[in-house]
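The structure under discussion appears below in the form of structure tokens.
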Amino acid sequence: MLSALALILGSSSAFAAEPADIPVGLTEPAQAESAEGEEAEPKLLGDLGGLRPALAKYGISLELGYIGETFGVVRGGVRRGATYDGQAAAGIDIDLEKLVGWPRAKIYANAFQLHGRQPSQVLLGGNLMPVSSIEAFPTTRLYRLWFEQSLFGDRASVRLGQLGADDEFITSDTAGGLINNTYGWPALTGADMRGGGPAYPLPQLGVRLQVKPAPDFLLRGAVFTGNPGGKNCPSGDPQECDPHGVLFPFSAGTLWIGEAAYSGKGAAGLPGVYKLGGWYETGPFPWQLDPAVSKRNNGGVYAVVDQGIWRRPDSEEQGLNFFLRLGGSPSDRNLISFYADGGIGFRGPFASRPDDVVTLGAAYSNISADAARADRLAGPPTPVRNYEAVIELSYKAAVRPGWWVQPDLQYVFNPGGNVENPNGSGVIPSALVLGLRTTLKL
């Protein structure tokens, strides 16, 4: 969840076919109004002096939010110190059936104002699994802009426009309790897809088809166009090449991604979600052993398990949940050939605080054999890359409806995968990172 404008909040259901917690700062659009015209989810600014319910009569929902966070490295990394970064967001969700009588159709658009310093770049030298799910190039950026048509009731839908693959693919609801970006859009796809893939903060033009052939079974597929940075950004940072999210590039091949998801009863009769998926991307990709040589096309596969393992006797939502994600891609044309993450989440760890969430997770990114061999052939003083890993413990506390505070602890092993320290003192040492995030739904 990224992961289109409700802030990352605790989901109303711990296991849904489409997770409500997407660790990209902002989730899929929520139904802001109930059938009676009352807000389904509380917001700090309430009904904005009657504006929200007035617009809701015409199928228009306004969404506002802010995430602010500070991170500090107290040991290791490139340097010790602290950073602050923030994400202000605004969006509009339009129900076309209410507005103009177009049945089961809607439009969604949102934008971010991103500011502050990126902690992973400043403090860790650009690790493969950024410590924050919202850190990005400071700018004001159009994010999502899409139209969706539901078909055959709610058994199918088509969505087209500027989409984020990380909203719907490879997601884990339980992992949404963590802040590190890899628990949303995993390092496997972020490092191996061209330009980081169609994910936060650079979704891409695409079409998504979703079919629900049975109540517990869902099929989802999408095709995205080009490199997020555009054809004139083959080796640069796509965030800087398209700083405002309005290039809509069609160049540099296409990305196809598909997923099958089953949601049903698992361990001890508790709900769970199980997913299998893969992607295929056309175009040239540099050979890791010799970047001057190109390989044609690329791809990978993944699996996701998100399972309830215990519930409080008097609650269907409070209790322990488990997640596991595995993925792999060819070693010759990818920096990361194998990826795994997993962990546990506890919703309502204290009976007196039913909306709090504590989550413990670990992630591992294996540097491909060809990339490591290239380092060995280069010889000293080039260090041989091997892996990057992170362990994270986070507590998301509900201060009041619409406001969350989240202290966070991460330990990053081998930032960058065991790469040279830009300060000239060996490799970048493993780092202990402390963070604090506040999330406001306005």
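The values are calculated or read from the model by the stated rules, or taken from the named source; none is laboratory data. The structure displayed is predicted, hence computed values, not measured ones. All Cβ positions, even for glycine, are placed from backbone atoms using ideal geometry, and neighbour counts span all protein chains on display.
Answer yes if at least one residue in the range 278-298 is at positive phi and either of a type in the set (A, V, I, L, M, F, W, C) or not in a strand (DSSP E or B) (or both), and no otherwise.
No, there is no match, as no residue in the range 278-298 is at positive phi and either of a type in the set (A, V, I, L, M, F, W, C) or not in a strand (DSSP E or B) (or both).
Residues of the range 379-401 being buried (at least 18 other Cβ atoms within 10 Å of the Cβ) and under 21 Å from the mean Cα position of the chain (by Cα), which ones?
Glu388, Ala389, Val390, Glu392, Ser394, Lys396
What tally of residues in the range 174-216 results from selecting those that are over 23 Å from Glu281 (Cα atoms), among the acidic types (Asp, Glu) and crowded, with 24+ Cβ neighbours inside 10 Å?
0
Are there helices (runs of 4 or more DSSP H) fully within the range 38-151 with at least 1 residues that are of a type outside the set (Gly, Ala, Ser) and more than 30 Å from Leu335 (Cα to Cα)? List them.
Result: 51-56, 96-100.
Mind listing whichever residues of the range 299-326 are outside any strand (DSSP E or B) and not basic (Lys, Arg)?
Listed by number, the residues that qualify are Pro313, Asp314, Ser315, Glu316, Glu317, Gln318.
Which residues, taken from the range 140-162, are more than 26 Å from Phe217 (Cα to Cα) and of a type in the set (Ser, Thr, Tyr)?
Within the range 140-162, Thr140, Tyr143 meet the criteria.
Hey, can you tell me all the residues within the range 47-71 that are more than 12 Å from Thr439 (Cα to Cα), under 28 Å from the mean Cα position of the chain (by Cα) and of a type in the set (Asp, Glu)?
Glu63
Being loosely packed, with under 15 Cβ neighbours inside 10 Å and not in a helix (DSSP H, G or I) is the filter here; which residues of the range 235-250 pass it?
Ser235, Gly236, Asp237, His244, Val246, Phe250 - these are the residues of the range 235-250 that are loosely packed, with under 15 Cβ neighbours inside 10 Å and not in a helix (DSSP H, G or I).
If you take the residues of the range 348-378 that are under 25 Å from Arg311 (Cα atoms) and among the hydroxyl-bearing types (Ser, Thr, Tyr), which of them is surrounded by the fewest Cβ atoms within 10 Å (Cβ to Cβ)?
Filtering the range 348-378 for residues that are under 25 Å from Arg311 (Cα atoms) and among the hydroxyl-bearing types (Ser, Thr, Tyr), the one surrounded by the fewest Cβ atoms within 10 Å (Cβ to Cβ) comes out as Ser352.
Here is a check on your reading of the model: is Gly345 crowded, with 22+ Cβ neighbours inside 10 Å and either touching a strand residue (DSSP E or B) at 6+ places or on another chain (Cβ under 7 Å) or not basic (Lys, Arg) (or both)?
yes
Which one is farthest from Leu114 (Cα to Cα), of the residues in the range 251-273 that are part of a loop (DSSP other than H, G, I, E, B) and of a type in the set (A, V, I, L, M, F, W, C)?
Checking each candidate, the answer is Leu270.
Before we move on, is Lys275 closer than 20 Å to Gly164 by Cα and of a type in the set (Lys, Arg)?
Taking the combined requirement at face value, the residue satisfies it.
Looking at (1) farther than 27 Å from Phe323 by Cα; (2) not aromatic (Phe, Trp, Tyr); (3) not in a strand (DSSP E or B), find the lone condition where Ser172 falls short.
(1)
From Gly272, Gly258, Gly278, grab the single residue that is at pLDDT 85 or above and under 23 Å from Asn366 (Cβ atoms).
Matching residue, one of Gly272, Gly258, Gly278: Gly278.
Please work out which residue is farthest from Glu259 (Cα to Cα), limiting yourself to the range 221-234 and to residues that are crowded, with 22+ Cβ neighbours inside 10 Å and touching a strand residue (DSSP E or B) at 6+ places or on another chain (Cβ under 6 Å).
In this case the residue turns out to be Pro228.
Any idea how many residues of the range 371-391 are within 13 Å of Phe338 (Cα to Cα) and among the charged types (D, E, K, R)?
1
Cβ-Cβ below 6 Å, separation at least six or inter-chain, first residue in the range 201-219 and over 28 Å from His115 (Cβ atoms), second among the polar types (S, T, N, Q) and at pLDDT 95 or above: which pairs?
Gln210/Ser157
Scan the strands (runs of 3 or more DSSP E) fully inside the range 329-442 and keep the ones with 2 or more residues being among the polar types (S, T, N, Q) and modelled with pLDDT of 95 or more. Give the steps one after another, and end with the answer.
On the way: elements: 336-347, 357-367, 387-400, 403-413, 431-441.
Filter on the range 329-442 gives 357-367, 403-413, 431-441.
Have a look at Ala90, Ala40, Ala82, Ala56 and point out the one that is closer than 27 Å to Gly345 by Cα and either of a type in the set (Gly, Ala, Ser) or at pLDDT 95 or above (or both).
Among Ala90, Ala40, Ala82, Ala56, only Ala40 is closer than 27 Å to Gly345 by Cα and either of a type in the set (Gly, Ala, Ser) or at pLDDT 95 or above (or both).
When you scan the range 137-160, do you find a residue that is among the aliphatic types (A, V, I, L, M) and buried (at least 24 other Cβ atoms within 10 Å of the Cβ), even just one?
Within the range 137-160 (the criterion being among the aliphatic types (A, V, I, L, M) and buried (at least 24 other Cβ atoms within 10 Å of the Cβ)), the answer is no, since none of the residues qualifies.
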